[in-house]
Amino acid sequence: MIVRQFISWVRTAPAGERAEATRSLARAWIFSDLSEDDRAAAEGALLMLLDDPSPLVRQAMAEVFASCASAPAAIIEALAVDQPSVALPVLEYSPLLIDADLVDLVATGNSEIQCAIARRLQLPASVCAAIAEVGSPASALELIENPYAELAPFSWDRIVERHGHLAAIRESMLVLEDLPGATRLALVAKLTDTLTQFVVARQWLSAERAERVAGEAMARSTVNIAARSRGDEMCALVQHLRATGQLTVGLILRALLSGNLDLFDHALVELSGLPLSRVSALVYDGGGASLNALLTRAGLPESTFPAFRAALEARNQIGFVGTVGGATRLRRRMVERVLTICETDAVSSEPLLILLRRFATESAREEARVFCDELAMDAAVAPHDLIAA
């Protein structure tokens, strides 16, 4: 009887009053101990209100039913495809929407709808993949910042491919500790490409010079990213480097001269097709012939063999340090030792010597920078020590 009176009244009531009455009816449907007949009548009234001309009415219903697992499924389905002001609470919170519904809504909805779905708790991989594939930059950002999103590696890569040129996307991804190394490297490549185009457009550098500087920066970043990778992640990173044409002689030599022996080993594994244990044995048994055979099988130029051999022979005398200032860097003494040996070796090619000289300059400048930073820190601490004394 009450529901019948409500239906009669709601046809002529003002929109604001209809919305409040709808909110009360929806709450009664969830929380009140209604008889079976009253529950059926209330559901019928709520279904009728889905056609109300005022979005305030449907919005009130959506706000009540959004998080309710026992809400009428037909009402949830209808609210989910309503205008954004009505649909957003349902899209973000309703547990009744299945994965297929969400994927379809991502494909057909605007950025607001995609963002609401991207904020959902326990967002499955299929929905994440849909957002990565067709979602707006804003929805991709919501997805990245959602700790409950199950993002597969290919979804990360798709986001980088589509939106990696945007600073907000890059910054949100790069702060993630568990971001795959290959994805992190792809982001750095996007940044490098953006900066290269910028400096060339401003005519600050020639295209050739800018590309060379960008290539050196990418190589440094690659070695640093690889230093944080282990096991399967390192294998995936090296495979990515090879697939994108970045697994060059220069990068492999940089890895060795920076002390990143793990990257050096895995690069030779990838190029030679030999297992890691076999590569390690050939590299570190001290035999020149076995090392030459391994480098040949990996497809490296014979003119580079003296540099690799000299670096491996020097490692026991000089040793390696892990990082300087949190980053893996070229060892100056190691680079200079290798350069000296290669300059007197007839097999070494001119391109190799040019590369080693660049490494020597880079390592000298980096060592000087670290030294000056330490002096500045000491100078800043000294006045406090004097005051304390």
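The values are calculated or read from the model by the stated rules, or taken from the named source; none is laboratory data. Predicted model only: the values in this text are computed from it and were never measured. All Cβ positions, even for glycine, are placed from backbone atoms using ideal geometry, and neighbour counts span all protein chains on display. When the accessible area is computed, the model is the full protein with side chains, heavy atoms only, and any ligands, DNA or RNA have been set aside. Shrake-Rupley method; radii C 1.70, N 1.55, O 1.52, S 1.80 Å.
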Using all C-alpha to C-alpha distances in the chain, build P(r) with 10 Å bins and read off the rounded percent in each one. 4, 18, 20, 16, 13, 10, 9, 6, 3, 1, 0
Low-density loop positions, chymotrypsin sites (Phe, Trp or Tyr not before Pro), the stretch 177-273 - DSSP coil, at most 12 other Cβ in 10 Å: Trp204
State in Å² the accessible area per residue of the chain; use a 1.4 Å probe, count heavy atoms of protein chains only, and round to the nearest integer. 51
Roughly speaking, to the nearest percent, how much of the stretch 11-50's 1.4 Å accessible area is carbon and sulfur? 49
Once you have a ≥ b ≥ c as the square roots of the Cα gyration tensor eigenvalues for the stretch 121-184, tell me rounded if a/c is under 1.5, and otherwise prolate or oblate according to whether a/b is larger than b/c. rounded
Using only Cα atoms and rounding to the nearest 10 degrees, what angle (0 to 90) does helix 207-226 make with the longest principal axis of the chain? 80
For the pair Asp373 and Ala281, what calculated FRET efficiency results from E = 1/(1 + (r/R0)^6), where r is the Cβ-Cβ distance and R0 = 51 Å, to the nearest 0.05? 0.80
Once the Cα atoms of helix 36-49 and of the chain are each reduced to a long axis, what angle between those two axes, in degrees from 0 to 90 to the nearest 10, is obtained? 70
Heavy-atom accessible area of Met377 with all protein chains present, probe 1.4 Å, nearest 10 Å²? 130
The chain: angle of helix 231-243 to the longest principal axis, Cα-based, in degrees nearest 10: 80
Can you work out the FRET efficiency for the pair Val199 and Asp99, with r the C-beta to C-beta distance and R0 = 51 Å, to the nearest 0.05? 0.70
Projected area averaged over orientations for the stretch 148-218, convex hull of C-alpha atoms, nm²: 5.2
Sort the stretch 127-258 into rounded, prolate or oblate with this rule: let a ≥ b ≥ c be the square roots of the eigenvalues of the Cα gyration tensor; rounded if a/c is under 1.5, and if a/c is not under 1.5, prolate when a/b is larger than b/c, oblate otherwise. oblate
If you roll a 1.4 angstrom probe over the protein chains with everything in place, what fraction of the accessible area of the stretch 161-272 belongs to carbon and sulfur, to the nearest %? 53
State, to one decimal in nm, how far the label point of Val134 lies from the label point of Ala293, with both points 7 Å from Cα in the Cβ direction. 5.6
Accessible-area ranking of Asp101, Asp265, largest first, probe 1.4 Å: Asp101, Asp265
How large is the accessible surface of Phe154 in square angstrom, using a 1.4 angstrom probe and rounding to the nearest 10? 130
Considering only DSSP states other than H, G, I, E and B, which GluC sites (Glu not before Pro) in the stretch 146-204 qualify as loop sites with at most 10 other Cβ atoms within 10 Å? Glu177
